[in-house]
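Below you'll find the structure, written out as structure tokens, and then a few comments.
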Amino acid sequence: MSGRKTALVVAPGRGTYGKGELGSIARLHGRRFAGLIADFDAQRRARGQPTVTELDGAERFSVATHMRGDVAAPLIYTATMLDFLSIDRDRFDVVAVAGNSMGWYSALALGGAVSVEDGFRIANAMGLNSQAHGPGGQILLQIVDEDWRPVPGLRDALLGLADEIAARPGHDLALSIDLGGMLVFAGNEEGLGALLAGVPPTPGRDPLRLAGHGPFHTPLMIGSSQKAKAELPSSLFRAPALPMVDGRGHVWRRFSSDPDAIWDYSFGHQILAPYDFAGSVQVAVKEYAPDVIILPGPGDTLGSAIAQSLIGIGWQGLTGKADFAARQTEDPILLAMGRPDQRARVVADE
């Protein structure tokens with residue numbers, strides 16, 4: 001197996017299973033992984049929930065249904081896990097895993113800290129538990145220009161504004177996710193309203209309220225954290241077989257990491273504090289210097305955030321979108337399995 005490329009695998013989070021992905025689990029994985037899909041379906045059926053097969057096989061995509069946490073999470077986990085299991089290990093040596101937000105729960109199974117089946121149990125439970133919060137949500141703000149270069153001063157201005165708003169009585173607002181070229185803020189309705197009223201001009205897109213999202217990665221999610229720790233015991237966890245880079249940029253090293261500590265992070269800090277996705281990617285590439293980054297499905301929307309995270313540290317000379325596009329044409333550093341042409345580079349014959 002000499003000549004294999006080393007790979008970092010990054011698991012996508014909420015919002016990645018969309019209209020274009022409907023039916024993709026059955027189409028890509030129905031024959032090879034029928035047994036695992038049946039196990040996942042049985043877990044859902046036992047809880048009186050529509051199965052993965054039923055949801056993926058729906059006649060049409062419904063935003064009201066498919067984007068809801070208790071539906072999106074198991075669909076995303078299934079697509080991600082089965083894509084991961086489809087990676088051609090004769091061509092790629094996976095050296096580390098990471099994930100974005102809800103994708104951390106996929107990363108736990110990719111890294112071997114929980115079994116594939118228990119990973120589904122966790123993702124399914126967290127999709128439901130993520131709805132245990134008060135009023136509030138998330139707003140996405142772009143902080144890079146059209147070439148994915150940081151707009152001078154904008155990041156600090158937004159963080160300063162958020163701190164000022166959070167100091168007002170009755171206003172909750174905090175950084176939720178750092179996506180490299182975009183920042184996600186979360187809070188209660190008063191905090192979000194004040195952010196929209198005071199935000200300076202941002203490039204590329206207007207501030208976007210993320211439909212159906214709660215105030216994730218803030219203390220407002222304490223109910224979700226409490227439910228998770230009550231329902232999902234630490235006995236599900238074990239030391240990972242692959243290094244896992246979490247939302248703080250902390251590396252959970254294989255074999256030596258404490259399973260109880262991983263459990264506590266996953267259902268504590270991960271839920272209640274900001275998720276530094278850009279930092280996790282940057283730490284992972286610095287620590288493990290992968291030849292490529294593989295982005296499993298569903299979809300490929302996380303690709304730009306991965307690229308912007310690499311540009312943020314000038315990884316392998318990348319300084320902007322044009323550099324990244326040229327690199328992708330010549331010798332791709334990012335392989336998104338949601339893109340058929342890039343998928344063909346990653347999987348064994350399907």
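For region 132-186, filtered to residues that are in a loop (DSSP other than H, G, I, E, B) and in contact with a Phe, Trp or Tyr (Cβ under 6 Å, 6 or more places away or on another chain), the residue that is farthest from Ala322 (Cα to Cα) is Leu179. Selection over region 165-218 of residues that are over 23 Å from Gly279 (Cα atoms) and either polar (S, T, N, Q) or free of Cβ contacts under 8 Å to residues at least 24 places away in the same chain (or both) gives a count of 10.
From the list Arg14, Arg44, Arg91, the one residue that fits, being of a type in the set (Lys, Arg), touching a strand residue (DSSP E or B) at 6+ places or on another chain (Cβ under 7 Å) and surrounded by 15 or more Cβ atoms within 10 Å (Cβ to Cβ), is Arg91. Between a first residue in region 219-233 that is assigned to a helix (DSSP H, G or I) and a second residue that is β-branched (Val, Ile, Thr) and surrounded by 19 or more Cβ atoms within 10 Å (Cβ to Cβ), which pairs have beta carbons less than 8 Å apart while being 6 or more apart in sequence or on different chains? The qualifying pairs are Met221/Ile271; Ser224/Ile271; Ser225/Ile271; Ala228/Ile271.
Can you pull out every residue in region 84-101 that is more than 9 Å from the chain's Cα centre (by Cα) and part of a strand (DSSP E or B)? Within region 84-101, Ile87, Phe92, Asp93, Val94, Val95, Ala96, Val97 meet the criteria. For region 256-294, filtered to residues that are of a type in the set (Asp, Glu) and farther than 22 Å from Val95 by Cα, the residue that is surrounded by the fewest Cβ atoms within 10 Å (Cβ to Cβ) is Asp260.
For region 25-72, how many residues meet the condition of being of a type in the set (S, T, N, Q) and at pLDDT below 95? Please lay out each step first, then the result.
Taking region 25-72 first, the residues of a type in the set (S, T, N, Q) are 43, 49, 51, 53, 62, 65.
If we keep only those that are at pLDDT below 95 as well, we get 62, 65.
Adding up the residues that qualify gives 2.
Answer yes if at least one residue in region 274-292 is touching a helix residue (DSSP H, G or I) at 6+ places or on another chain (Cβ under 8 Å), of a type in the set (S, T, N, Q) and outside any loop (DSSP other than H, G, I, E, B), and no otherwise. Yes; the residues of region 274-292 include at least one that is touching a helix residue (DSSP H, G or I) at 6+ places or on another chain (Cβ under 8 Å), of a type in the set (S, T, N, Q) and outside any loop (DSSP other than H, G, I, E, B).
What are the residues in region 102-119 that are within 15 Å of the chain's Cα centre (by Cα) and not in a loop (DSSP other than H, G, I, E, B), if any? Once the filter is applied, which keeps residues that are within 15 Å of the chain's Cα centre (by Cα) and not in a loop (DSSP other than H, G, I, E, B), region 102-119 yields Gly103, Trp104, Tyr105, Ser106, Ala107, Leu108, Ala109, Leu110, Gly119.
Restricting attention to region 336-350, the residues that are without any contact (Cβ under 8 Å) to a residue 60 or more places away in the chain and either among the aromatic types (Phe, Trp, Tyr) or in contact with a helix residue (DSSP H, G or I) (Cβ under 6 Å, 6 or more places away or on another chain) (or both) total 1.
Of all positions in region 319-335, none carries a residue that is touching a strand residue (DSSP E or B) at 6+ places or on another chain (Cβ under 7 Å), in a loop (DSSP other than H, G, I, E, B), farther than 20 Å from Ala96 by Cβ and not hydroxyl-bearing (Ser, Thr, Tyr).
The values are calculated or read from the model by the stated rules, or taken from the named source; none is laboratory data. Everything quoted here is computed from the prediction, not taken from an experiment. With ideal geometry, Cβ positions are generated from the backbone for all residues, glycine too; neighbour counts draw on all protein chains shown.
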